[in-house]
Amino acid sequence: ALGRGLGVCSTPGCRAVLGEPLGTPERPPALTPGQWQLLTELLHHDPATPELGAVLAPDGSTVALGPVLAGIEAGLRSGGFGRPLPTLDPPADPLLAVTITEALGTSFLLAQGGDHNATALGPGGCWDDVENPQNYTLRGPPSPVPDPVAIGAMDGAVLGARLARGPLPVAELLRGYYGTVNGSEAGRPPSSYRRRNFGALAGQGRLEKEVAAVLELLRTLSPTSGLLRDVGTQEVAAVAQRAAREFSANYVECPAITPRCLWGARPYRGTPALLQPPLGSVFLHHTLEPSRPCQSFSACAHAMRDMQRFHQDTRGWDDIGYSFVVGSDGYLYEGRGWHWVGAHTKGYNTQGFGIGIVGDFTATLPDPDTLALVRDELLPCAIRFGHIRPDFILRGHRQLGHTDCPGNALFQEIQSWPGFQ
């Protein structure tokens, strides 16, 4: 009720599903004035400043609260808690409508009608201080679906679907989902599987169908009926297809990469050299230090800062050497990234990307999900987006230098992977 009164779910489609807000709520007695002020700032919705109303979650993702709360309310109500949800005409999935499909459909509709440079998704952004985050800044002009809204929408849909199966305390649900009850090393939080779980809930085909359905619903509502006045059914279908395809490619099918600003990277020293993609090789490493896999965002971000410090201050390199580093928290961490020559495989740095997995894998392997993240998600997506060639060669670091890297156990494992020579 607080979120709704402050403008969360203020769009025509969302109001058609959840109803009109009750008006601006007063401070509940359980909240201090300071807590109340924080909540009103977090939940006050202003489409012109989408970086407000986003929080840094314990799993390291930046989440817009609006679609999370809308999904939670839709899930609770469809699960029998509170007023039942209305039957929409034309029919559309109410949970997906309040979390993602209305935002996605209108965003792609507006981008189609705007200039050629208009984008319908993104951008991401950065926090001012990863240890004590206060301010979040988007890294470019916002679309109606910047990254935090996309992430919040997936979370809202996944959490709403869970609540639709039967109510449980929301605080308990959120703590479990974002990993704050797991202990920092007790395993990946469920939120790190959001892409897979959202894909199972609303794969590209279902998403396309629901975007088209919600756009037809918006024809019947004010003021969006004007937006769709000259848009035919075939055009709606084309918008829905493009929206579902691009959303799936950006947020569902490929793994999330934590940018440098989010793990607290120092600046690059000197002038980086550009790579010339697509590259023909991928070189796999283990970090050795830290020797234990990192299983939380805070532990992995700390490991990244330690490695960068060692590479810059002790080794005298310009930056952390790896192109990307893989944590056992379900995320990839950007090192030199896709565009810049690394310092990972001496003599071969311009020819391929260096992927390091946090841990010592001399005697043990990374967990199966971490292996699958590299083998089944990162490498196919790198081909799809033109970073590596389809006929790329995968090698362990030891094949190209005097080293035990990537450890006996991991080296044995990758010999069965596509591309290994």
Cut-off 14 Å, label 7 Å out along Cα→Cβ of Tyr268, residues of region 318-357 by amide N
318-324, 334-344, 350
Take the Cα pairs of region 61-121, get the Kirkwood Rh, then feed it into Stokes-Einstein at 25 °C and 0.890 mPa s and tell me D in µm²/s.
184
Taking the Cβ-Cβ separation of Ala409 and Arg384 as r and a Förster radius of 30 Å, what is the calculated FRET efficiency to the nearest 0.05?
0.55
With +1 on each Lys and Arg Cβ and -1 on each Asp and Glu Cβ, and nothing else charged, work out how big the dipole of the chain is about its Cα centre, in Debye to the nearest 20.
380
Which trypsin sites (Lys or Arg not before Pro) in region 339-394 pass both tests, a DSSP loop state and at most 15 other beta-carbon atoms within 10 Å?
Lys346
Could you check which residue among Pro141, Pro277, Pro67 shows the biggest mean-square fluctuation in a GNM of the chain with a 10 Å Cα cutoff?
Pro141
Figure the gain on full extension for Thr87 and Leu168 (residue separation times 0.36 nm, minus the Cα-Cα span) and round it to one decimal in nm.
26.7 nm
Taking region 246-340 as the region of interest, what is the percent of Cα-Cα pairs per 5 angstrom bin, listed from the shortest bin to the one with the maximum distance?
3, 12, 22, 24, 20, 13, 5, 1, 0
Output the DSSP H helices from the chain with an along-axis C-alpha extent of no less than 24 Å and a mean Kyte-Doolittle hydropathy no less than 0.0.
147-164
Regression test value, accessible area per residue of region 261-415, probe 1.4 Å, units Å², expected 43
Cα-based radius of gyration of region 261-415 once divided by 2.2 N^0.38 Å, which approximates compact folds:
0.95
How big is the shadow of the Cα convex hull of the chain, averaged over all directions, in nm²?
21.7
Cys residues of the chain counted as unpaired, since no other Cys beta-carbon is under 4.7 Å:
Cys405
Length-normalised contact order for the chain - Cα pairs under 8 Å, 6+ apart - percent:
14
In whole percent, the fraction of accessible protein surface over region 1-253 that belongs to carbon or sulfur atoms, probe radius 1.4 Å, stands at 55
Starting from 0.36 nm per residue, how many nanometres of slack lie between His402 and Leu38 once their C-alpha separation is accounted for?
125.5 nm
To one decimal place, what Kirkwood hydrodynamic radius in Å is obtained for region 169-263 from all pairs of distinct Cα atoms?
16.1
Let me know the shape class of region 220-293, please: from the alpha-carbon gyration tensor, a ≥ b ≥ c as square roots of the eigenvalues, rounded when a/c is under 1.5, otherwise prolate if a/b is greater than b/c, or oblate.
prolate
DSSP bridge pairs, region 235-377: antiparallel proportion in percent, nearest 5:
25
Charge dipole of region 135-276 built from unit charges on the beta carbon (Lys, Arg +1; Asp, Glu -1), centred at mean Cα; most positive-end Cα among Leu168, Pro189, Pro223 is Pro189
Just the number, please: percent antiparallel of the DSSP beta bridges in the chain, rounded to the nearest 5.
35
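The values are calculated or read from the model by the stated rules, or taken from the named source; none is laboratory data. Only a predicted model underlies this, so the values are computations on that prediction, with no experimental measurement involved. Heads up, the Cβs are rebuilt from the backbone with ideal geometry, glycines too, and the neighbour counts pull from every protein chain shown. What goes into the accessible areas is simple: the full protein's heavy atoms, side chains included, and nothing from ligands, DNA or RNA. Shrake-Rupley method; radii C 1.70, N 1.55, O 1.52, S 1.80 Å.
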